[in-house]
Amino acid sequence: MDTRDLKVFVAVYETKSITRAAKEQFLSPQGCSKIIQKIEGELGTSLFARNHFGVRPTPQGDALYRRAQMVIRLLEGVKDEVEAARALKYTLNIASTQGVSEYLSLAFFRDFAESHPLVSPRVMESPDAIAKQRLADNTVEIGVLGGPIDLSVFHAVPFTAHRPCLVINEENPLARKAAIDYADLDCQPLAMVSREFASHHLVVNRLANAGAHVDIVVEATELDLCHRLAEQGDAIAVSFDFAAWGGKRAHTVIRPFADRSFLWETFIVRKAGVELSPQAQDFCAFALAWVGDHRDDLFQWPGA
């Protein structure tokens, strides 16, 4: 039984009528009777005796009534305390480039909630351009952005680092290579995230600087679409280690770039010259320490 059941029982006890109690509790008489029968079944005893005028409580019903009122007051007091605690929670708005929450996993947010129960992080993932605008508009207090970061605008602390990689259909000749050179992608049809993402420009600039002609056939807002195009053999998907392996598709292989210095890095940022709230400072310190402690658990390149 729960608080609702006990309230129905109390209503029947005080009105001495199933019909009147049902009306008070916004139930049908049948629904009210079922709740009483449920309580009687759980307790293994009869709580009311039926008569021509309605119902009268049994001694067991009298005993439950005395306890029920106390239990209801206790539970409603607990509920009020929980609501009051919830009202005291600080909502920390965070703008993030897409993919960060996937990399951190629910374990990060669970551990933060356990250690900081009065802070509720609200992460809004979007392309970097939108995340930067949210920071500029003061819609959020902190952000997680892909590098490079304009340090004249933001104060930045390195957060995570990932290897860009390629998702290639297994029928593509490049699938036979253990690692891909920039020149291998010359004039190859590529699918990647849109130019609203910092990582888009990171990849395009690397390829262009290496002399490769960049042929982007699809700019997507989600990496999953890029992976699907690779599975279909329509394009080579430019992805990132944890995302590619986390959503590996059939009939594809995942290959790193041969240049091992090529990294996509994210940074925890705030507007330059702006002081963070104590809650935001706590979140930043926790996030940096947590990632440092769990980096090997979050992702390791298979076979590395």
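Which one is surrounded by the fewest Cβ atoms within 10 Å (Cβ to Cβ), of the residues in segment 275-304 that are assigned to a loop (DSSP other than H, G, I, E, B) and more than 20 Å from the chain's Cα centre (by Cα)? That would be G303.
Taken over segment 150-178, residues that are within 25 Å of the chain's Cα centre (by Cα), in a loop (DSSP other than H, G, I, E, B) and closer than 30 Å to E275 by Cβ amount to 0. Mind listing whichever residues of segment 7-30 are at pLDDT 90 or above and within 40 Å of the chain's Cα centre (by Cα)? Within segment 7-30, K7, V8 qualify. In this entry, L47 passes the filter for residues that are more than 15 Å from T3 (Cα to Cα) and in contact with a strand residue (DSSP E or B) (Cβ under 7 Å, 6 or more places away or on another chain).
Screening L225 on (1) in a helix (DSSP H, G or I); (2) within 13 Å of N169 (Cβ to Cβ) shows it passes everything except condition (2). Taken as a whole, the structure leaves V218 outside the set of residues that are part of a loop (DSSP other than H, G, I, E, B), farther than 24 Å from A161 by Cα and of a type in the set (A, V, I, L, M).
Are any residues in segment 233-274 of a type in the set (F, W, Y) and either in a strand (DSSP E or B) or closer than 22 Å to V157 by Cβ (or both), and if so, which ones? F240, F242, F257, F262, W264, F267, listed by residue number. Among the residues making up segment 1-26, a single one is in contact (Cβ under 8 Å) with a residue 24 or more places away in the chain and among the acidic types (D, E): D5. The set of residues in segment 223-248 being under 25 Å from the mean Cα position of the chain (by Cα) and either surrounded by fewer than 17 Cβ atoms within 10 Å (Cβ to Cβ) or hydroxyl-bearing (S, T, Y) (or both) consists of D224, L225, S239, W245, G246, G247, K248.
The values are calculated or read from the model by the stated rules, or taken from the named source; none is laboratory data. The structure presented is a predicted model; accordingly, all values stated were derived computationally and were not measured. When we count neighbours, we look across all protein chains shown, and the Cβ atoms used for this are built from the backbone with ideal geometry, even at glycine.
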